[in-house]
1. Using θ = phi - 60° and the Karplus relation 6.51 cos²θ - 1.76 cosθ + 1.60, list the HN-Hα couplings for region 62-79 in order, rounded to whole Hz, with x at every Gly or Pro.
2. What nm value, rounded to one decimal, do you get for the distance between E263 and S113 when each label is placed 7 Å out toward the C-beta?
3. Per residue and in cubic angstrom, what volume does the convex hull of the Cα atoms of the chain have?
4. What dipole magnitude, in Debye to the nearest 20, does region 213-296 give about its Cα centre under +1 on Lys/Arg Cβ and -1 on Asp/Glu Cβ?
5. How many angstrom separate the Cα center of region 203-222 from the Cα center of region 106-180?
6. Whole percent per 10 Å bin, from 0 to the bin with the longest distance: what is P(r) over all C-alpha pairs of region 213-296?
7. Residue separation times 0.36 nm, minus the C-alpha to C-alpha distance between R204 and R86: what's the value?
8. Suppose the chain between S11 and E139 were pulled fully straight at 0.36 nm per residue; how much longer would it get relative to their current alpha carbon spacing?
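All of the numbers you see were taken from the coordinates with simple rules; none came from a lab. Just so we're clear, the structure is a prediction, and the values are computed from it rather than from any experiment. Here the Cβ positions follow ideal geometry from the backbone for every residue, glycine too, while neighbour counts run over all protein chains shown.
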Amino acid sequence: MRYKKFLKSLSLKDATTYYNHSLASQTSFKIGGKAKYFVVVKNQKTLENILSKCKKFFILGGGTNTLLSFKYYNGTIIKLSGNFKRIYVGKNKLTAMAGASLFSVCKIARDNSLCGLEFLYGIPGTVGGAIFGNAGAFEEEVLGHVSRVKVFRNGKIFWTKNFSYSHRDSSFKRDGGVILGAQFSLLHGNKNQIDEKMKLFLERRKQTQPYGAFCAGSVFKRLKVDGQTIFPAKIIDNLGLKGVKIGGAKVSEKHAGFIVNFENASAKDVLRLIKKIKKIVYKTNNLKLEEEIIIFGGKKLAFNRRFSHPHTLQPRKGNNFRKCDFGKEKGP
Ligand SMILES: Cc1cc2nc3c(=O)[nH]c(=O)nc-3n(C[C@H](O)[C@H](O)[C@H](O)COP(=O)(O)OP(=O)(O)OC[C@H]3O[C@@H](n4cnc5c(N)ncnc54)[C@H](O)[C@@H]3O)c2cc1C
């Protein structure tokens, strides 16, 4: 069966497919071209089927850390929904599927008096995206609280404890595959205190970030130079670059590490602004800034050492995606 015909044959309870679909609304930047196929997948079996048939794909979580810079993507953009939003609570642990939002994870942890994840409250996006980029805030990182991750890689589904991470980086960025869920190790705490802490973190975020604006979080990663941590936002601010615009994109006046789409910005506007900031910072401070946001698609620009995104890889010869065994789907 041809791929398009196969997608059309899927039942709505398994997946919803959109053709030549604009993806701007799927990202917090509100920027994005069209994809030949945009599939919202609701269970593992269907994901297995789709991955065994599609030639190239990209997993989009909440789209809150991604700049989709293509005009047209001739492949499949996959979003995990349905069963992938499930969250299970156990004794001192919480297991969340990759499509669950960080908001829900934090609230469910609080409701069950489980503490440790309060710092995540207010970071938009999904568990999958957070694990991939090792999201963090207030000197804590998500992977510091994860005991194992469920992955679909090389045609196999497995739970792994074998991962490494550093500031806004994880081995999942290089190892490829699809993150299906994660188990968090948590402690028992006082529900009211957990709630207080969450509210405090959210409030701090609202005070310091352009919360609610069309953006994708901090554009650049922190740097370590001679053992010292360098905050790009501080440097950009000191250089007086707050408010600098290119097209509809500008450096946020509230937080110099953020670029906001204030007026119908294109991906090109954002990329040109990134290029400008990097150039100035290099000239004045001799520092090479590196993007924290994921830039996917479009033409490769000379300034941008974009990594080859693992999802875009074609299945290996013999199509090893076919061999996967998803096992039972009742629980994690
Ligand atoms: C206002 C605002 C504030 C923010 N504050 C913070 C902050 O304090 N700290 C922080 O770390 N981040 C912050 N961010 C950035 C962002 O919210 C986080 O990085 C978040 O974890 C991204 O999740 P996502 O699901 O939206 O990822 P997406 O943007 O959808 O995807 C990011 C990457 O992860 C990959 N990915 C997503 N799901 C999967 C999966 N299931 N399997 C494999 N790969 C996957 C995608 O392919 C992509 O490469 C902020 C963003 C905004 C808009």
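1. x, x, 9, 9, 10, 10, 7, 9, 8, 7, 9, 9, 8, x, 10, 9, 10, 10
2. So the two model labels end up 5.5 nm from each other.
3. Roughly 139 Å³ of hull volume per residue.
4. Magnitude of the dipole: close to 260 debye.
5. 20
6. Over region 213-296, the share of Cα pairs per 10 Å bin runs 19, 56, 22, 3, 0 percent.
7. 39.6 nm
8. 41.7 nm
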